[in-house]
Amino acid sequence: MNIQLPKTIRPGEARCDAPSVQDILDRDTREIPAVLRQQNYTFTGSDDIPADRYFSRQWHDLEVEHVWRKVWQMACREEEIPEVGDHVLYEVVGLSFIVIRTAPDAIKAFVNACLHRGRKLRTEDGSVASFRCPYHGWTWDISGALSEVPCGWDFPHVDANTGRLPEARVGTWGGFVFINPDPDCGPLEQYLGDLPAHFDRWRLEDCYKAVHVKKRMPANWKVCAEAFIESYHVIDTHPQIMPHTADANTQYDNYEGQHFNRMITPMGVPSPHLSACSGQQTVDAMVNTSGRQVGAVGKLALPEGQTARAFMAEVARQRCGELTGVDYADASDSEMLDAIQYFVFPNFFPWGGFSPNIVYRFRPDGNNPESAIVEIMILHRFDPSQPRPAPVPVHEMTDEQVWADAPELGGLGAVFDQDMSNIPYVQEGLHATTAGKNAVSIGNYQESRIRDLHRNLERYIQHA
């Protein structure tokens, strides 16, 4: 089928024939913050993307050299390393770093390898007063200084300067700790660009990590990330959420010269694909599939004269306020309900708004271009008059388990399983395309964030 657009519509200008996100926000019950009124879409082409980017060893090696070794990456939350000596390991494409709090107000990231014979110094998260290699006992203090070499008389060529542990660059934002393996990189603030201003109102630094589930998936990391980067897939992958998800009229924003983009998917309104859906049906579907996220459980009756969106936003304000001790009276309906999802290149997806904030992270599984580590985190706010709750440990799923086996995800686990059900077959199908067009076609608007991801990959690889 050859789809012809009217001659007056240029590529990238076509939109779903339904109320836009901005139209929906116009009807919300609270003032909308200016950041959600921004519209920043630029058409960046419609060329196909080569299929071998998802399985080629050569392309993987280019990503390793020019992306993973060169860009800022979210390593952990600050509350995961609250005390001096507390550390987590961050590993990607064969690189391993010890991210450690070295002073109450200082965090460092050391290359996780003994400078003697290369053994990993740490194999798990924890807390230490020093790094002692289990092989021969070489020891470093937590500032990275070499403090002990057994039989030091045999190593006159090793001194305090040559013996320091190499470091990655470290920066923090929003309660997250970022590292960059490139010692010559620019500061994190420059890399994030305008992103912190978008989150000024939502202050993720005032949250704690309440959920963290991790699982290996048999696909390239981009296949996994791209499953979460658009709402175009809802109609066939998540039909049960269509009564409360405005999928086809999602707003997509890209920002020229920035490392991030965004989508806003309204909730509490039905999909434009549905011919008929009552307000009560919208409420029922929302409670059944994502009630945990808005603090709603059981049957809720939509009051006469109210829209489902306004009603569920108020339910979320009240229930989330009861759970957290935070006053959400001024929070807009959008901030309480909508999927306000940002993507920071290459692999970090923080959600905006005030309902429990989801965070995704996707990484290659070691140096395997056809296996990925997928992580889903949920940040919660807490009563500011009380101590910060401790972050949960990582729940590592086995290959045999499904996301619904993680009870902390609630109804979202089944939704994530629907996403993940496509991923292995996408990976297999990408190989199959080599007998055909050997490429994938990307939508001009709804999949524009995928194109943005690949434009950034090209920028780093081709301009190296």
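The values are calculated or read from the model by the stated rules, or taken from the named source; none is laboratory data. Quick caveat: nothing in here was measured; it's all calculated off a predicted structure. Neighbour counts are summed over all protein chains in view; Cβ atoms, including those assigned to glycine, are modelled from backbone coordinates with ideal geometry. Please note that ligands, DNA and RNA were not included when accessible areas were found on the heavy atoms of the full protein model with its side chains. Shrake-Rupley method; radii C 1.70, N 1.55, O 1.52, S 1.80 Å.
Cβ-Cβ contacts under 6 Å between residues 6 or more apart (or on different chains), taken from a first residue in the range 448-463 that is within 17 Å of GLU65 (Cα to Cα) to a second residue that is open to solvent by less than 50 Å² (accessible area, probe 1.4 Å) and at pLDDT 95 or above, are listed as HIS454/ILE49; ASN456/PHE345; TYR460/HIS66; TYR460/VAL67; ILE461/HIS66. Among residues of the range 9-24 that are β-branched (Val, Ile, Thr), those with a beta-carbon under 9 Å from a residue that is outside any loop (DSSP other than H, G, I, E, B) at least six positions away or on a different chain give the pairs VAL21/LEU36; VAL21/GLN251; VAL21/ILE264; VAL21/THR265; VAL21/SER334; ILE24/ARG309; ILE24/ASP333; ILE24/SER334. Within the range 221-260, the set of residues being open to solvent by less than 20 Å² (accessible area, probe 1.4 Å), among the polar types (S, T, N, Q) and part of a loop (DSSP other than H, G, I, E, B) comprises SER231, ASN249, THR250. Among the candidates ARG309, ARG388, ARG319, single out the residue that is assigned to a helix (DSSP H, G or I), of a type in the set (D, E, K, R) and surrounded by fewer than 21 Cβ atoms within 10 Å (Cβ to Cβ). Only one candidate qualifies: ARG319. Yes or no: the range 39-48 includes at least one residue that is open to solvent by less than 60 Å² (accessible area, probe 1.4 Å) and hydrophobic (A, V, I, L, M, F, W, C). Looking for residues that are open to solvent by less than 60 Å² (accessible area, probe 1.4 Å) and hydrophobic (A, V, I, L, M, F, W, C), one finds none in the range 39-48, hence no. All of GLY163, GLY171 fail the test of being modelled with pLDDT under 95, open to solvent by less than 50 Å² (accessible area, probe 1.4 Å) and not hydrophobic (A, V, I, L, M, F, W, C), apart from GLY163. Scanning the range 19-47 for residues that are touching a helix residue (DSSP H, G or I) at 6+ places or on another chain (Cβ under 8 Å) and aliphatic (A, V, I, L, M) turns up ILE24, LEU25, ILE32, VAL35, LEU36.
Here's the yes/no breakdown for (1) of a type in the set (S, T, N, Q); (2) modelled with pLDDT under 95; (3) more than 18 Å from the chain's Cα centre (by Cα); (4) surrounded by fewer than 20 Cβ atoms within 10 Å (Cβ to Cβ):
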{"residue": "GLY366", "(1), (2), (3), (4)": "no, no, yes, yes"}
{"residue": "ALA372", "(1), (2), (3), (4)": "no, no, no, no"}
{"residue": "ILE376", "(1), (2), (3), (4)": "no, no, no, no"}
{"residue": "PRO384", "(1), (2), (3), (4)": "no, yes, yes, yes"}
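The residues in the range 72-107 that are charged (D, E, K, R) and within 22 Å of VAL344 (Cα to Cα) can be counted, and the count is 5. What are the residues in the range 434-450 that are modelled with pLDDT under 95 and either part of a helix (DSSP H, G or I) or surrounded by 15 or more Cβ atoms within 10 Å (Cβ to Cβ) (or both), if any? Within the range 434-450, THR434, ALA435 qualify.
Could you tell me which of the residues GLY268, GLY295 is modelled with pLDDT of 95 or more and in contact with a Leu (Cβ under 8 Å, 6 or more places away or on another chain)? Reasoning before the result, please.
Details: GLY295 fails: modelled with pLDDT of 95 or more.
So the residue among GLY268, GLY295 that is modelled with pLDDT of 95 or more and in contact with a Leu (Cβ under 8 Å, 6 or more places away or on another chain) is GLY268.
Of GLY410, GLY352, all but one fail to be out of contact with any Asp or Glu (no Cβ under 6 Å at 6 or more places or on another chain) and either aromatic (Phe, Trp, Tyr) or open to solvent by 10 Å² or more (accessible area, probe 1.4 Å) (or both); the exception is GLY410.
The set of residues in the range 174-205 that are buried (at least 18 other Cβ atoms within 10 Å of the Cβ) and of a type in the set (S, T, N, Q) contains only ASN180.
Just one of (1) in contact with a helix residue (DSSP H, G or I) (Cβ under 7 Å, 6 or more places away or on another chain); (2) open to solvent by 10 Å² or more (accessible area, probe 1.4 Å); (3) assigned to a helix (DSSP H, G or I); (4) not aromatic (Phe, Trp, Tyr) fails for GLN280. It is (1).
Only residues that are of a type in the set (D, E, K, R) and closer than 24 Å to ALA339 by Cα: list them for the range 175-209, please. Before the answer, list the steps.
Taking the range 175-209 first, the residues of a type in the set (D, E, K, R) are 182, 184, 189, 194, 200-201, 203, 205-206, 209.
Scanning the range 175-209 gives ASP194, ASP200, ARG201, ARG203, GLU205, ASP206, LYS209.
For the range 164-181, does any single residue satisfy the condition of being touching a residue at least 60 places away in the same chain (Cβ under 8 Å), part of a loop (DSSP other than H, G, I, E, B) and among the β-branched types (Val, Ile, Thr)? For the range 164-181, residues touching a residue at least 60 places away in the same chain (Cβ under 8 Å), part of a loop (DSSP other than H, G, I, E, B) and among the β-branched types (Val, Ile, Thr): absent.
Scanning the range 360-412 for residues that are within 21 Å of GLU205 (Cβ to Cβ) and without any contact (Cβ under 8 Å) to a residue 60 or more places away in the chain gives ASP383, PRO387. If you check LYS108 against the conditions, is it part of a strand (DSSP E or B) and open to solvent by 50 Å² or more (accessible area, probe 1.4 Å)? Against the criterion (part of a strand (DSSP E or B) and open to solvent by 50 Å² or more (accessible area, probe 1.4 Å)), LYS108 qualifies. Taken together, ARG119, ARG69, ARG27 contain a single residue that is open to solvent by 70 Å² or more (accessible area, probe 1.4 Å) and free of Cβ contacts under 8 Å to residues at least 24 places away in the same chain, which is ARG119.
Scanning the range 414-431 for residues that are open to solvent by less than 30 Å² (accessible area, probe 1.4 Å), aliphatic (A, V, I, L, M) and out of contact with any Phe, Trp or Tyr (no Cβ under 6 Å at 6 or more places or on another chain) returns VAL415, MET420, ILE423.
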